[in-house]
Amino acid sequence: MQEKENKRKQNIRLLVAIGIALILVVLGQFYFYKSTDALNNEITELVLKYNKNCPLIIQEGIRLDSVSLPEKKAAQYNLTLLNIEKKTADVNVIKKEIEKSLVSTAKANPGLQAFRDNDFALFYSYSDKNKVFLFKITIAPGQYK
């Protein structure tokens with residue numbers, strides 16, 4: 001008799017533990033999806049804000065044309081090099097110099113804080129003054145952390 005009662009108590013404890021675990025899982029998922037939506041809204045608003053100011057000369061000879069979110073956890077900056085023409089430029093040298101600068105910018109620029117905080121990849125797509133594609137640079141979260 002004592003053994004049956006112990007087993008019954010043990011089963012009740014097990015059922016209570018399973019119930020609590022299920023409640024925690026449901027609450028965890030609700031919180032996770034809610035925070036994901038908040039992040040998506042924050043990032044989308046930030047991109048819209050950037051685009052309202054475009055086109056924007058961000059440095060002598062460089063114009064920011066637009067910003068987009070091409071995939072999950074990625075932001076793309078579309079830029080034009082105003083003094084460069086692809087057919088006369090050494091594109092590889094230009095790309096290497098810009099890439100060095102972009103990594104330090106990604107680490108320090110306060111405007112990129114939301115992307116840094118959320119481990120976004122940053123894509124920079126460059127075109128020449130005639131809108132001819134030059135190159136794309138990707139800065140992964142590991143490069144700016």
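May I ask you to list the residues in the stretch 103-134 that are among the acidic types (Asp, Glu) and more than 10 Å from the chain's Cα centre (by Cα)?
Answer for the stretch 103-134, where residues must be among the acidic types (Asp, Glu) and more than 10 Å from the chain's Cα centre (by Cα): just ASP128.
Take the residues in the stretch 12-67 that are closer than 16 Å to PHE115 by Cβ and among the charged types (D, E, K, R), then tell me which one is modelled with the lowest pLDDT.
Per the stated criteria, the residue is GLU42.
Could you go through the stretch 116-128 and let me know if any residue there is crowded, with 16+ Cβ neighbours inside 10 Å and acidic (Asp, Glu).
yes
Would you please name the residue that is farthest from ASN78 (Cα to Cα), looking only at residues in the stretch 90-130 that are among the hydroxyl-bearing types (Ser, Thr, Tyr) and part of a helix (DSSP H, G or I)?
That would be SER104.
When the residues of the stretch 57-82 are filtered to those that are out of contact with any strand residue (DSSP E or B) (no Cβ under 9 Å at 6 or more places or on another chain) and in a loop (DSSP other than H, G, I, E, B), which remaining residue is farthest from LEU134 (Cα to Cα)?
Applying the filter and picking the extreme gives LYS72.
State all residues of the stretch 131-145 that are outside any strand (DSSP E or B) and closer than 13 Å to VAL91 by Cβ; if no residue qualifies, say none.
If the condition is that a residue be outside any strand (DSSP E or B) and closer than 13 Å to VAL91 by Cβ, then VAL132 is the only one that fits.
Residue check, ALA74 against (1) crowded, with 18+ Cβ neighbours inside 10 Å; (2) among the hydrophobic types (A, V, I, L, M, F, W, C); (3) closer than 24 Å to ILE43 by Cβ, all met but one. Which one?
So ALA74 meets the others, but not (1).
The values are calculated or read from the model by the stated rules, or taken from the named source; none is laboratory data. Note that the structure is a prediction, hence the values are computed from the model and not measured. Don't worry about glycine lacking a Cβ; one is built from the backbone with ideal geometry, like all the others, and counts go over all protein chains shown.
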